[in-house]
Amino acid sequence: MNTNITTMTNQQSINAVDSIWDGWLNSFKTLQGFQTEMAEKSLQAVENQKEFMNTTRGALKKMEEEETKIKEEWKTNLQSTLNTVDNNQGNPLVSTWMNQIEEINNSVQALSWTPSKIMLDLFTQSQNQFESNIKEALDQQQKGRSEVLKTVEQLTEKMKQTHKELLPTV
């Protein structure tokens with residue numbers, strides 16, 4: 001009877017120790033889950049930035065198209081007006097003047113859009129490199145976490161086994 005009580009007490013002690021180590025292992029896994037979630041949130045933030053960049057690029061393109069459309073309308077109206085004046089006065093300088101105005105408009109358009117496009121392209125390249133670096137770092141972290149988890153699981157099993165062997169001797 002005394003042996004049964006001792007065996008039962010030892011089994012309860014083993015179960016309690018196993019529960020402690022299992023709880024510790026589960027806490028470790030929960031922590032790793034939080035780290036994985038943070039990695040996912042980081043990638044989502046990068047995707048949001050990329051979407052913002054694409055939206056900005058689309059808006060700039062639309063604005064440039066609108067500016068070109070307005071410039072063409074203005075050019076057509078001016079050309080029509082100058083042709084009317086030219087026909088009435090026979091002035092050959094009107095076409096030269098019109099060409100100079102078009103050159104000025106093209107220069108103004110290039111000066112106004114080129115810096116924005118260059119900055120947007122530069123920012124996009126930086127964003128792509130940043131995204132690549134983030135993904136590589138997160139991949140390395142995930143590999144490290146997987147290796148650590150395996151090691152911790154093995155250590156936990158060894159500790160459980162050691163306690164199972166030690167408890168009957170105590």
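Give just the number: which of (1) among the hydrophobic types (A, V, I, L, M, F, W, C); (2) under 23 Å from the mean Cα position of the chain (by Cα); (3) open to solvent by 90 Å² or more (accessible area, probe 1.4 Å) does Ala137 not satisfy? Answer for Ala137: the failing condition is (3). In segment 98-110 there is at least one residue that is modelled with pLDDT of 85 or more and open to solvent by 100 Å² or more (accessible area, probe 1.4 Å).
Let's see how each residue does on (1) open to solvent by 60 Å² or more (accessible area, probe 1.4 Å); (2) over 27 Å from Gln140 (Cα atoms); (3) in a helix (DSSP H, G or I):
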{"site": "Lys41", "(1), (2), (3)": "yes, no, yes"}
{"site": "Asn48", "(1), (2), (3)": "yes, no, yes"}
{"site": "Ala59", "(1), (2), (3)": "no, yes, yes"}
{"site": "Thr114", "(1), (2), (3)": "yes, yes, yes"}
{"site": "Phe130", "(1), (2), (3)": "yes, no, yes"}
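Taking Thr151, is it at pLDDT below 90, part of a helix (DSSP H, G or I) and surrounded by fewer than 12 Cβ atoms within 10 Å (Cβ to Cβ)? No: the conditions fail for Thr151.
Please enumerate the residues belonging to segment 54-96 that are among the aromatic types (Phe, Trp, Tyr) and at pLDDT below 75. Across segment 54-96, there are no qualifying residues. A count restricted to segment 14-39 and to residues that are closer than 25 Å to Lys143 by Cβ and either without any contact (Cβ under 8 Å) to a residue 12 or more places away in the chain or outside any helix (DSSP H, G or I) (or both) stands at 8.
The values are calculated or read from the model by the stated rules, or taken from the named source; none is laboratory data. In this text the structure is predicted, and so the values were computed from the model without any measurement. Neighbour counts run over all protein chains shown; Cβ positions are idealised from the backbone, glycine included. Heads up: the accessible areas ignore ligands, DNA and RNA and are worked out on the full protein's heavy atoms, side chains in. Shrake-Rupley method; radii C 1.70, N 1.55, O 1.52, S 1.80 Å.
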